[in-house]
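**Student:** Just passing along the structure, written as structure tokens.
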Amino acid sequence: MIEVNFSPKVDENKLGGILGELKEDAFGGWVDLPLKISTEEIKKINETAEKIQNESEVLVCIGIGGSYLGHRAIIEALRPKSKLEIVYAGNSLSSRELEFALKKVADKDFSVIVISKSGTTLEPALAFEAFKKKLAERYGVVGAIKRIYAITDGYSGTLYEEAKRDNYTRFVIPRNIGGRYSVLSPVGLLPMAAAGVDIDALISGAASASEDNKNAAKYAFMRKMLFDKGFDTEVFASFEPATFYFNEWIKQLFGESEGKNKRGIFPASVVYSTDLHSLGQFMQDGRRNLFETIINYPTDDLNAKIVEAVLKAHTAGRIPVLKLDVPSYDEKGFGELIYFFEIACAIYCKLVGVNPFDQPGVEAYKEELKKLMEEK
Ligand code: PA5
């Protein structure tokens with residue numbers, strides 16, 4: 001269990017109501033997912049992962065936002081032993097980045113996982129076109145199809161139509177699970193399994209967290225209390241450089257879920273010791289509108305001393321410091337953490353009265369981009 005160093009007053013009635021609402025929500029499919037995911041689904045994912053490992057030296061994972069950050073976070077944090085090199089694409093419109101990714105497969109056997117629930121997001125769609133072309137040049141049209149794995153909606157959308165028509169191996173993102181809550185569905189599980197992550201252990205960690213969300217609820221109520229007192233920025237701090245992308249995943253989950261009606265807490269992140277020599281100054285002495293959430297992974301004695309030193313220094317600097325103790329630095333521990341943050345984020349959203357599952361603000365840039373593309 002994730003242990004916490006704070007104990008706010010938790011309104012149990014309110015919490016019960018919120019948990020009930022989340023389960024009933026049209027986008028609440030993730031709440032019981034770790035307990036409900038079927039053994040057939042896991043088997044199909046593991047078998048497909050093995051096929052990818054046998055056929056390829058490089059796996060290209062195409063996706064953005066919730067269709068990308070979760071698996072990258074875990075793969076980078078755990079650095080699983082695998083011969084397969086993972087390349088990420090489709091998370092920007094930079095042609096420089098795309099060229100760089102394409103070069104990685106220039107003389108290597110490769111497969112492509114394309115992930116998009118809507119099937120219409122521009123960044124991954126353009127990267128997919130480029131990699132499809134490369135696949136067809138290398139393996140011919142029929143050979144290319146055998147190396148494409150599409151993870152998308154089970155009923156409609158551009159990618160769904162194409163995958164069905166061209167007979168790609170398909171995995172479904174359940175309708176009742178939104179992008180940033182989808183890491184424990186095929187969206188996260190297939191890339192992770194292919195990279196060598198033990199997804200059974202990950203799911204079992206998440207399942208145990210879903211059976212006891214007491215501390216996640218405390219964390220959500222604590223954040224609300226701090227927000228009400230004017231602390232509107234939360235800095236997630238880790239002392240493990242490999243968890244940089246895990247912090248990015250949290251930022252995406254919290255930022256896109258909470259940032260509505262001026263009610264969200266701005267999520268930022270630091271990785272120490274590196275950031276003690278940059279943002280550390282701001283943390284100690286800057287504006288006092290922020291609080292810090294230390295994600296404390298099991299570590300060696302020396303690193304543990306820095307955790308203690310930072311906790312003391314920042315508390316003395318009048319920063320509220322929340323500490324989350326993660327029981328193990330492995331699949332099980334990260335499974336617990338994933339669920340902990342998902343449920344805590346959704347509870348906080350309900351406490352401040354925003355919808356945890358939509359992202360109306362993200363549409364604004366898409367509209368502007370569309371107009372500019374049409375002008376062109
Ligand atoms: O969390 C979300 O819902 C978003 O970040 C989406 O995952 C992201 O916009 C990608 O969407 P799609 O999977 O439809 O391409």
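**Student:** Checking L202 against (1) within 16 Å of the ligand (Cβ to nearest atom); (2) crowded, with 17+ Cβ neighbours inside 10 Å: exactly one of these is not met. Which one?
**Tutor:** (1)
**Student:** Just one of K305, K312, K262, K323 is more than 16 Å from the ligand (Cβ to nearest atom) and assigned to a loop (DSSP other than H, G, I, E, B); which is it?
**Tutor:** K262
**Student:** Which residue is farthest from the chain's Cα centre (by Cα), if the candidates are limited to the range 236-259 and must be part of a loop (DSSP other than H, G, I, E, B) and more than 13 Å from the ligand (Cβ to nearest atom)?
**Tutor:** Result: F239.
**Student:** Could you list, ordered by first residue, the pairs with Cβ atoms under 6 Å in which the first is in the range 131-143 and without any contact (Cβ under 8 Å) to a residue 60 or more places away in the chain and the second is surrounded by 15 or more Cβ atoms within 10 Å (Cβ to Cβ) and among the aliphatic types (A, V, I, L, M), at least 6 apart or interchain?
**Tutor:** Between residues of the range 131-143 that are without any contact (Cβ under 8 Å) to a residue 60 or more places away in the chain and residues that are surrounded by 15 or more Cβ atoms within 10 Å (Cβ to Cβ) and among the aliphatic types (A, V, I, L, M), the close pairs are L135/A144; A136/A144.
**Student:** In the range 132-170, which residue that is within 13 Å of the ligand (Cβ to nearest atom) and not aliphatic (A, V, I, L, M) is surrounded by the most Cβ atoms within 10 Å (Cβ to Cβ)? Quick ask: steps written out before the conclusion?
**Tutor:** Initially, the range 132-170 is screened for residues within 13 Å of the ligand (Cβ to nearest atom), giving 150-153, 156-160.
With not aliphatic (A, V, I, L, M) added as a condition, the list becomes 152-153, 156-158, 160.
Working: T152: 28, D153: 18, S156: 12, G157: 17, T158: 15, Y160: 21.
Top of the filtered list is T152.
**Student:** Then there is this: Taking the residues in the range 177-191 that are assigned to a loop (DSSP other than H, G, I, E, B) and within 13 Å of the ligand (Cβ to nearest atom) as candidates, determine which candidate is farthest from the chain's Cα centre (by Cα).
**Tutor:** I177
**Student:** Let me ask something else about it. Regarding K44, is this residue assigned by TED's automatic domain parsing to the domain that holds D109 and assigned to a helix (DSSP H, G or I)?
**Tutor:** It is true that K44 is assigned by TED's automatic domain parsing to the domain that holds D109 and assigned to a helix (DSSP H, G or I).
The values are calculated or read from the model by the stated rules, or taken from the named source; none is laboratory data. A quick note: this is a predicted structure, and the numbers were derived from the prediction, not measured. A quick note on method: Cβ atoms are made from the backbone with ideal geometry, for glycine too, and the neighbour counts reach across all protein chains shown.
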